[in-house]
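Note sheet for the following structure.
The values are calculated or read from the model by the stated rules, or taken from the named source; none is laboratory data. Just so it is clear, the model here is predicted, and its values are computed rather than measured. Positions of Cβ are backbone-derived with ideal geometry, glycine not excepted, and every protein chain shown enters the neighbour counts.
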Amino acid sequence: MLHLMKYRLKQTLREKSSMFWALCFPLILATLFRFAFGSGSFDEVFQKIPVAVVMTSEGNETFREFLDAMDGDMLKTEEMSEEKALKKLAAGEVEGIFYDTKRLAVSSNSIKSSILNSLLDTYVKNEAMMLDIASKHPERMQDALQAMGEFTSTTEEVSAGGRSLDTGLSFFFALMAMSCLYGCFPGLQVMQETRANLAALGARQCISPTHRLKRILAVSLVTYGIQFVNSAVALFYIRFVLKMDFGGNMGGMLLICLMGSLIGVSMGIVVGCIGKMREGAKVGIVLAVSMISCGLAGLYSSDIKVMAEEAIPWIGRVNPASVIADAFYCLNVYNDKARYTQCLVTLAVMSGVMVLAGFLFTRRERYDSI
Amino acid sequence: MTVYKGYLKLWSKELHLVFLYFAIFMSVGIMMQFAASKKQEESYASEQLDIAVIDEDGGELAEGLKEYLGKIHKIQDIGETAKDVQEALFYRKVKYVVTIPENFERGFLEHGEKLKTTKVPGSEQEVYLDSQIDTFLNGVRVYTAGGYSVSEAIGHVKNVEKNKAEVKMIANNETGGMKANYVYLFQYFPYIMLAVLGYSSGVLISFRRKEIRQRMYCSSKSVIRQNMAGVAAFVTIGGIIWVVCMVIVLAMSGKEFLKSANIGYYLLNSLVMMLVALAVAFMLGMFARDNDTHSGDHNLSAVVNVISLGMSFLCGVFVPLEVLGKEVKAVAQFLPVYWYEVINEMLGEFDVLTTEMLGTLWKGMAIQGAFAVACVAVALGVGGRVREV
């Protein structure tokens, strides 16, 4: 048995392509994620929105002063005629037109236009407040103005478990799910190689006196082990090299990796056991299943996960990638032990079912002549 | 013609795999289109959300806030313990939970204490809720500083809330300033093209096997003609996939798309992108190991995935250009997909293109074209070197 395990270990490690998928690909993708979501803070992205200012005869000096105060800070204002402003708006040279009659014209519903919208909204409301106070408590005007100057955010986001939350994290949770599920590649490869009708190696092993169960057990154990190390490497890389805020308990997260690898490899094993399809076709199948599963868990866009959960709630309970991502949420965001355990049990049961299915497909297989 | 037919014959043998990959990538694309357009609609309409308010304070300010939020959203009763909150968020019973802590009224007015909010992770429309709470509480603070009592302040803030900014939409496109649905499908088009054509380039590997190469050199046809036949076959394959993609666009939002003022530019831009993807695929096919097709296939799919996903993430296919960081954009502008996306965004937003926009459009297409030519040149160069070996 040890002999079998040793050689399977060597063989799997030397199979560059499946090691690429299971080990390198998640690391490359994580680095890309870090670049795409990690850099570029809000201030950096939305510096100085260009706007046109149109003065009319019934103009409002206070509003003009307000815009001047914003100029160079959040806005880049330029005074011009209405005709010119409309032309510039149509050419996309300005994001919006402020009229000194406290009106705004925009051409799209981009993030920039909604910033302009909320800027004007705040002004209109503050003006109404000041007029209110000036008419009833003019003596307190100064205090009120000071209070207005201290306009702050009054909310603070915490996770259900009390930790703060970074939305970019959801991509990394889905990525960890992908890293685990890509264990299907080594799993598939192992199955292909042990089947006598698909590989010469399988045929050779078939005629050896070693019991089939022993053989399959040895290779499965080694593959699970390797895949666990692969996903643990991805976890450490994301946590310590890319420095993402995976604040949860490390032991707990490694346990998710272990169960996740189990389901990934099992998925490969079950596909490897089905029929006599060529390896290319089987790779296509596992790729399709894992990509769509990860897509639904939010790998491409967190909106997809939210949308899927709203449309078909049970899909998140049975989709392996969603269950793995949810387990990470439970540890890092919700701090919810009960649901975390529930996720792990779900993974274990699903893996068990898959391995059983694989066993049923291959048991009592006999070859007369190959 | 024989070589051309040979390429297509090999490709048709792999057709089931090509279709499989096409279906996978297309379904991801369609999934993303639905998510993105749904998000756009939500950001437009101030939607009523299911929320929960846990009031541990019970004071006047807390009541006022509850009433204020209750007018805009639907307040659900979910219980008060941490477990209840987790349960409600996990099963999406509510999307937003705000906890008003004990003695909040004093804490907030005297020390600026903050409210604790919890959202469903990954969903963004709740940002508006934050700003609604900000407006309410800051308003109360200003009024109390201005000499009003808390209950008076609450009443006045609710009154002031009725003042809304007057915003006019002068849309530059037919869809009223919103992006049409097909714009999103075109946004994912580079990913589909790069991935599917990349996989198709496996055909080249078979042609580069030693025996086949030797056999082909014996023929009376010049190597240049053979290569040209290969290129022509690749263009045919690309054309077929491009047509299938356009048919899908038509099937999903044909009416809208046919009415678009920029339909010609959309087609041209995607056609140029298809050529880029073909050129990349052609280059990959030339680089892939040819000594044994089996591992060549695997190496190829690894490289194809890294290139297609890499370009897609850096150039605004998955993450919109407007939220990408400056450094990322600085790198991305050397890549063709970035220019494709810049053009696509512009076409989505403006029905009438100014001279300057047309300048950007042609520049973008020229950069894409130059990239494609460079890839083919490198590929042919490598092909030549391999031949000499």
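Listed values, structure above:
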item: Residue list for the stretch A:29-48, filter: modelled with pLDDT under 85 and hydrophobic (A, V, I, L, M, F, W, C); result: A:Leu32, A:Phe33, A:Phe35, A:Ala36, A:Phe37, A:Phe42, A:Val45, A:Phe46
item: Residues located in the stretch B:315-344, provided they are more than 21 Å from A:Gly92 (Cβ to Cβ) and in a helix (DSSP H, G or I); result: B:Glu327, B:Val328, B:Ala330, B:Val331, B:Pro336, B:Val337
item: Candidates B:Ser200, B:Ser131, filtered to the one that is surrounded by fewer than 18 Cβ atoms within 10 Å (Cβ to Cβ), polar (S, T, N, Q) and within 33 Å of the chain's Cα centre (by Cα); result: B:Ser131
item: Selection within the stretch A:136-161 - part of a strand (DSSP E or B) and surrounded by 15 or more Cβ atoms within 10 Å (Cβ to Cβ); result: A:Thr155, A:Glu157
item: Count of the stretch B:167-188 residues which are of a type outside the set (Ser, Thr, Tyr) and over 29 Å from A:Asp121 (Cα atoms); result: 5
item: Restricting the stretch A:98-135 to residues that are more than 8 Å from chain B (Cβ to nearest Cβ) and assigned to a strand (DSSP E or B), the residue that is surrounded by the fewest Cβ atoms within 10 Å (Cβ to Cβ); result: A:Tyr99
item: Residue check for A:Glu157: within 7 Å of another protein chain (Cβ to nearest Cβ) and among the acidic types (Asp, Glu); result: yes
item: Members of the stretch B:206-216 found to be touching a residue at least 12 places away in the same chain (Cβ under 8 Å) and in a helix (DSSP H, G or I), listed by number; result: B:Ser206, B:Phe207, B:Lys210, B:Arg213, B:Met216
item: Of the criteria (1) in contact with a helix residue (DSSP H, G or I) (Cβ under 9 Å, 6 or more places away or on another chain); (2) more than 24 Å from A:Ser114 (Cβ to Cβ), which one B:Val183 fails; result: (2)
item: Sole residue being of a type in the set (Val, Ile, Thr), free of Cβ contacts under 8 Å to residues at least 24 places away in the same chain and more than 20 Å from A:Ser322 (Cβ to Cβ), chosen from A:Val241, A:Val222; result: A:Val241
item: Of all residues making up the stretch A:286-320, the number that are modelled with pLDDT of 85 or more and either of a type outside the set (A, V, I, L, M, F, W, C) or within 29 Å of A:Leu213 (Cα to Cα) (or both); result: 9
item: Among the candidates B:Gly139, B:Gly155, B:Gly198, residue that is in contact with a helix residue (DSSP H, G or I) (Cβ under 8 Å, 6 or more places away or on another chain) and in the same structural domain as B:Val97 (by TED's automatic domain parsing); result: B:Gly139
item: Considering residues of the stretch B:22-31 that are more than 7 Å from every other protein chain (Cβ to nearest Cβ) and at pLDDT below 80 only, the residue farthest from the chain's Cα centre (by Cα); result: B:Phe25
item: Residue match in the stretch A:304-325 (condition: of a type in the set (Ser, Thr, Tyr) and within 7 Å of chain B (Cβ to nearest Cβ)); result: no
